[in-house]
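Inspection log for the structure reproduced underneath, given as structure tokens.
The values are calculated or read from the model by the stated rules, or taken from the named source; none is laboratory data. Because the structure is predicted, anything quoted here is derived from the model rather than measured. When we count neighbours, we look across all protein chains shown, and the Cβ atoms used for this are built from the backbone with ideal geometry, even at glycine. We work out accessible area using only protein heavy atoms, side chains counted, and drop any ligands, DNA or RNA first. Shrake-Rupley method; radii C 1.70, N 1.55, O 1.52, S 1.80 Å.
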Amino acid sequence: MKKKRGPKPIPKNGIEKNFEAAQSFVSCILAEPETYPIPKDSDSIRALIIDISRYTYFLQKELSLRDQRSSVIVDTTSVAPSSLSLTPSLASSPTHDAHTNPYPNDCPSHVEEDPDANTIFKRLEELTLGQQHSRHFGMSSNFQLVKTLLDYKQEATGYRQNTMAYRNIRRQGYWAIYPWQQDIQNKVGRKLTFPDNELLHDLINDYFVYFEPYLPLLHRSTFETSVAEGLHFSDIGFGQVLLAVCAVASRCSRDPRNMPEGTDSDHSLGWRWYSQISIDTSSFIEAPRVYNLQVCVLMVTYLQISAISESSWIILGIAMRLAQAMGMHRKRPDQARTIERESCIRAFWAIIAYDTCASLFLGRPRVTTTDDFDVELPVDCDQEFWNATAIASDMFVQPPDKPSRTSYWIHFIKLMNIAGLVNKLIYPIKKLDESKISGIDGISLSQKAVMELDSALNAWVGSIPDQVKWDPKRANAILFTQSAMLYTSYYWLQIQVHITYNEFQKSTHQAKSGS
């Protein structure tokens, strides 16, 4: 039951007006001035402006009173910005009782502080992570439990909480991102070095000509527009994606400017750009973005044919955790298929494809399995036909007279889903109990798995789209190469299945005969 005591009620769309709330707003805005998420509803924006205005007015009054007490006239226009910093983590706050009205008498607050149980519950129900880029929390998470309880309360009482108000109740010592942490997040002071304009555009073109058709990841129009606007100079996330593109594309260039100083080896092509990229777990203070996924995929692409290819195995694990934190492993039927979401979906499937191939190649467990995700397949539309200005239903429309090059990638993903079953059915670390329950011996069970995999592979090869069916006389170079990649991957997987089964038979026979 709701108690009589406690803070006075505030309007449903209002924001609690208190001293710490205004400090929190200012701290958040200064911490990310370029990307601070502005509330979308006018009531929240109005409350935000009023809170900051009250706080500013209070500080002006406080300064004025101090000036009068010290009999010193201070010209506020000449005071150094650091002396007037409103960020509590950078400067000490004016002496003030935390539970009294922080505003002057002529600018009263509408809330009286009283930290009792009602106040705590009131603040809990307004709790949200408040990230600009949301993080995903599954049904088993404690966040879902709290949300369920709050939904139940809303259903029972009819009260709807304001989810924008979390910044009002944050405890600064535990929630605020401090300046030195912000430096890690944005890598302040670290300047990325990019190719000159001529070489940069050549490398971007080489990437989209020689790599993008076979690993669809980036939307060329959006990417080139961001480069033209200089986003790589202000956003380190995009800057690292651009450097990764340059590193990968350098494999197709003999330009010495792509090499680090002191070497002329072709094996070092692109290292000048790749060496500036880093993945530090300490930098993931904010929720991950599509750039984090894309740079991981490009790093793996570059490392796969290098002497340190083993590093790509670790990067795939990080990439999958980032994707799961974004909720990219889950289907979103109620969410519009935008260019940004499609880019995330393509990055996710690139991670799955690389992880599946690497797991079979190295004989190691996969980062995730098909039991752990249900995300949609990429849309079957080539990226030059994406229309960002169209409505959702018309955003991705492949012209009927243009064979889709993306069909190859979708079909390759389906092959990787079959490949993922090889480890599960033939290479399990813990054998299934089916043989014990049904009395089937190991050879018969493995034989059954091989038959099922063969059947799946036969169905797969029979459904290959016409434009990428094997034809040694195919004139289109991209479709010819895509076709070659599909069929070589298909035969490679067939070999993996049958070599595994033959080796299993041999080892079992030797064990029984004692040889």
Listed by range, helices (runs of 4 or more DSSP H) wholly within the stretch 337-454 having at least 2 residues that are at pLDDT 90 or above are 339-362, 406-425
Would you confirm whether any residue within the stretch 272-285 is assigned to a helix (DSSP H, G or I) and in contact with a Pro (Cβ under 9 Å, 6 or more places away or on another chain)?
-> yes
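Out of the helices (runs of 4 or more DSSP H) lying entirely within the stretch 215-261, which hold 1 or more residues that are touching a residue at least 40 places away in the same chain (Cβ under 8 Å) and surrounded by fewer than 17 Cβ atoms within 10 Å (Cβ to Cβ)?
220-228, 231-234
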Say whether the condition of being touching a residue at least 12 places away in the same chain (Cβ under 8 Å), closer than 23 Å to residue 209 by Cα and basic (Lys, Arg) is met by at least one residue in the stretch 354-368.
-> no
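Given the criteria out of contact with any helix residue (DSSP H, G or I) (no Cβ under 9 Å at 6 or more places or on another chain), open to solvent by 40 Å² or more (accessible area, probe 1.4 Å) and of a type in the set (A, V, I, L, M, F, W, C), does residue 318 qualify?
Judged against the criteria, residue 318 is not a match.
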Determine whether residue 385 is farther than 20 Å from residue 334 by Cα and among the hydrophobic types (A, V, I, L, M, F, W, C).
-> yes
